[in-house]
Structures are given as C-alpha cells and as structure tokens.
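Below is one structure, written out as structure tokens; the observations come after it.
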Amino acid sequence: MSVDPRPAPLAPGPPQFQSSLNKQTRSTGAPIAVLILLAALASGVLFLTGIQDPVGLIVAVPLTALSMGLVLACYFWLDRWEPEPSRLLLLAFLWGASVAIVISLILELASSEVLGRGVVLTLVGPAIEEAAKGAFLLVMLTGARRREFDGVVDGLVYAGFVAVGFAFVEDIGYIAQSFSQGTETTIATVVLRLVMAPFAHPLFTSMIGLGVGLAVSRPNQPARWLYPLLGYLAAVALHALWNGSLTFGFGGYLFVYVVIMIPAFVAALLIARYHRSRERDVVRRQLPELVYFRLVTPAEAGWLDSIAARRAWLKSVTARSGKPAAQALRDFQAAATELAFLRDRVQRGVGPADAYDLHAELVQALLTSRAKAARPLVENARSAPPIPPARPASLSGR
C-alpha cells in the first residue's frame with residue numbers, strides 16, 4: 001500500500017494572527033539589544049586603549065576567530081534537533097563579548113584596588129565572570145524568550161555561546177598584548193589559550209547552563225532553584241582551579257589540565273550527548289501522535305524521523321525548487337519539532353502555564369509553513385519509510 005505524502009490544502013492563518021506572531025518575534029530580545037550595544041561600545045573603547053601593538057591585534061583576531069569557530073561548530077551540532085533562533089544565539093554571543101566583559105572588567109579592577117591582583121585572579125575574578133556570563137541565562141527566562149528555553153540542551157547551548165563570546169574578546173586581548181612581551185611569550189599565549197584550552201570558558205559556564213536547564217525541565221520540584229545555584233558554584237570552582245593553577249607554573253597548570261579539566265570536559269560531553277539523544281527520542285515518540293491528529297502525514301513523519309532524512313529532504317528541495325522553498329521546508333521542520341517537544345512536556349506534567357496558547361501558535365506556524373512549502377513537502381528524491389499513526393496513551397479506553 002502506497003502512502004500519499006501530499007497533505008490536504010491548508011490556508012495560512014488569519015492576517016491579524018500572523019501580525020501578532022511577527023510582532024512577538026521582532027520584539028524578542030529587543031530589550032537587551034540596546035544594553036548590548038552600549039556595552040559593546042564601552043568594551044571597544046576599553047579594549048582598544050589597552051592594545052599597545054596594532055600588529056598583535058591584526059594577528060590575534062583571525063587566530064581567535066578560527067579557534068572559537070570550531071568550538072561554536074560543536075554547539076551547532078549539539079543544537080541540531082531543536083535549533084535555537086539565530087537572533088537569540090547572536091544575542092548570547094554578543095552578551096558574552098560585551099556586557100559580561102565590561103561588567104567583569106570594571107568589578108575586577110575595582111576589587112584589585114582593595115584585595116590585590118592575586119586574590120582577584122584566583123577567587124573574586126571567577127565569581128564575577130561566571131555571574132556576568134550566567135546572567136544571560138536568567139534573562140532568557142523572562143518574557144517571550146522563556147518559550148525558547150525548555151531543557152538542558154538549550155541551557156548548554158546558550159551558556160556555550162555566551163562563554164565563546166567572552167573568550168573571543170578575552171583571548172584577543174591577551175594575545176594582542178603578548179606581542180609587546182616577545183615572540184616566546186606570544187607563542188606560549190596562543191598555544192595555551194587557543195590550542196590547549198579553547199573550551200575553558202564554555203566548560204565553566206556550561207555548569208550554569210546545566211543547572212538552569214535542569215531547573216527549567218523540573219518546574220514541579222520545590223527546590224529546583226538549587227540547580228542553578230549548584231551550577232554556578234561548580235562553574236566558579238572550576239574557573240578558580242584553572243586560574244589558580246597558573247600560580248604554580250606550567251607544572252601546576254598541566255596537572256590541573258590533565259587531572260581535572262579533561263575529565264570534566266569529557267563528562268560535560270557525555271551529559272550533552274545523553275540529553276541530545278533524549279531530544280531525538282522525544283521527537284520519535286511524538287511523530288506517530290502528530291500523524292494520528294493529522295498534523296503531519298505518515299510520509300512527512302518519516303522524513304522528520306532523523307537528521308539524515310531531514311538533510312536529504314532539504315537537499316532534494318533545494319536542488320528542485322531553490323533556496324526559498326528550502327527555507328519554507330526548514331520552517332516546517334522546526335515547527336513540527338517544537339510542537340513535539342511541547343506535547344511531550346505537557347504529557348509529562350511539566351508544560352508551561354500558557355501551554356494551550358503556545359500549542360495553538362505552533363500548530364498555526366506548522367500550517368502556515370506547510371502552505372508556503374506546498375511543493376517542497378512532496379519533492380523528496382530519497383523517500384524515508386512512512387510512520388503510521390498511533391493513538392495517544394491518554395486517549396486509550398475512550
């Protein structure tokens with residue numbers, strides 16, 4: 001029996017509904033955009049006034065961009081099942097590169113005058129920097145942004161982008177300044193910061209992302225606020241150990257690197273991989289129910305079942321109908337995934353207070369993207385096995 005992959009004709013939602021959605025999308029992140037702009041200007045002024053050798057800056061920027069780009073690629077890989085909005089990832093990066101940098105610099109300079117540079121480097125500095133970076137995750141829990149934050153993977157991704165932004169500016173500063181201290185110092189700085197430890201700041205701040213993500217995914221636990229607190233303390237502890245190791249010379253640095261940082265990094269990778277696989281399982285469990293409610297067809301569900309099938313579908317549509325059609329298909333895939341995650345949270349009893357309204361919006365987004373991608377939804381050179389409908393367990397016996 002062949003399955004017809006073509007859905008019934010569906011019209012986009014009412015104009016006023018679409019206008020509301022677009023307005024909400026544009027306003028998401030807007031309150032912090034001005035803050036980031038002002039902080040970026042202040043950061044640029046402070047940064048440039050501290051650079052003594054312009055040549056060092058010219059060399060440091062591309063080297064740091066290459067190293068941090070590889071780290072960001074890892075986070076994009078982690079975020080493949082439920083990609084976060086590009087605008088929010090950009091805001092996260094810019095927050096780390098501007099707001100967190102400026103706050104940390106001002107508070108650390110003020111603290112150094114009272115406590116001394118050594119105490120600030122090993123104790124106060126890590127606490128300030130992790131608080132400045134982690135503040136973005138708290139911002140993500142407010143307003144319309146809260147809808148984009150629903151689990152551990154989201155926490156890890158946003159924390160990673162903030163930390164990479166912070167490390168990007170910090171590494172450029174250290175490398176550029178090392179040019180005035182001789183070639184050996186410059187090479188050592190590049191190796192230590194860009195080769196051996198480009199993951200350092202993302203590792204520290206990922207502890208906060210893990211804590212916030214656990215708190216968000218467990219809203220019914222009375223003491224869920226402990227997760228972010230413990231994550232912050234873990235981030236500060238790792239950061240302090242890392243900074244403190246430098247006071248014992250290269251031997252102390254190497255000991256902490258091998259005995260503590262590498263195992264912590266491996267553990268973070270395993271945790272990220274575990275939660276990423278859970279996202280995949282959520283989508284696969286929900287697809288038969290989406291077919292049951294006729295939100296997607298059996299053929300569409302088959303093409304949504306794996307990253308490989310989605311990529312093949314996009315590749316086929318791009319070749320046949322061009323980039324606009326592929327973008328419409330990409331929107332359809334994203335809406336279906338978001339809907340699967342929301343339904344899973346509701347079924348587990350941890351759905352948001354506005355779950356009904358959000359479900360309606362996601363269904364509308366699914367229908368609208370399907371209407372825009374009428375041909376792409378049936379243009380697939382590599383057909384995946386269709387997924388039959390399955391009656392939800394909550395409806396059994398009715």
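Applying the condition of being open to solvent by 20 Å² or more (accessible area, probe 1.4 Å), among the small types (G, A, S) and out of contact with any Ser or Thr (no Cβ under 9 Å at 6 or more places or on another chain) to region 313-338 and asking which residue is farthest from S369 (Cα to Cα) yields A319. Restricting region 387-398 to residues that are open to solvent by less than 70 Å² (accessible area, probe 1.4 Å) and part of a loop (DSSP other than H, G, I, E, B) leaves a set whose member that is modelled with the lowest pLDDT is P392. Only a single item in (1) out of contact with any Pro (no Cβ under 9 Å at 6 or more places or on another chain); (2) open to solvent by less than 10 Å² (accessible area, probe 1.4 Å) is not met by A159, and it is number (1). Remark: pairs (first residue in region 375-389, of a type outside the set (D, E, K, R); second residue assigned to a loop (DSSP other than H, G, I, E, B) and at pLDDT below 85; Cβ separation under 6 Å; 6+ apart in sequence or on different chains) = V378/P5; V378/R6; P386/V3.
Yes/no matrix, rows are residues, columns are (1) open to solvent by less than 10 Å² (accessible area, probe 1.4 Å); (2) without any contact (Cβ under 8 Å) to a residue 12 or more places away in the chain; (3) over 28 Å from R345 (Cβ atoms); (4) in contact with a helix residue (DSSP H, G or I) (Cβ under 8 Å, 6 or more places away or on another chain):
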position: T186; (1), (2), (3), (4): no, no, yes, yes
position: V195; (1), (2), (3), (4): no, no, yes, yes
position: P202; (1), (2), (3), (4): yes, no, no, yes
position: T205; (1), (2), (3), (4): yes, no, no, yes
position: G209; (1), (2), (3), (4): yes, no, no, yes
position: G231; (1), (2), (3), (4): yes, no, no, yes
position: W242; (1), (2), (3), (4): no, no, yes, yes
position: G249; (1), (2), (3), (4): no, yes, yes, no
position: Y257; (1), (2), (3), (4): no, no, yes, yes
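I'd like to check something: does region 94-115 contain any residue that is free of Cβ contacts under 8 Å to residues at least 12 places away in the same chain and outside any helix (DSSP H, G or I)?
The answer is no; no qualifying residue exists.
The values are calculated or read from the model by the stated rules, or taken from the named source; none is laboratory data. Since we're looking at a predicted model, the values are computed, not measured. Please note: Cβ atoms are built from the backbone with ideal geometry, for glycine as well, and neighbour counts cover all protein chains shown. Heads up: the accessible areas ignore ligands, DNA and RNA and are worked out on the full protein's heavy atoms, side chains in. Shrake-Rupley method; radii C 1.70, N 1.55, O 1.52, S 1.80 Å.
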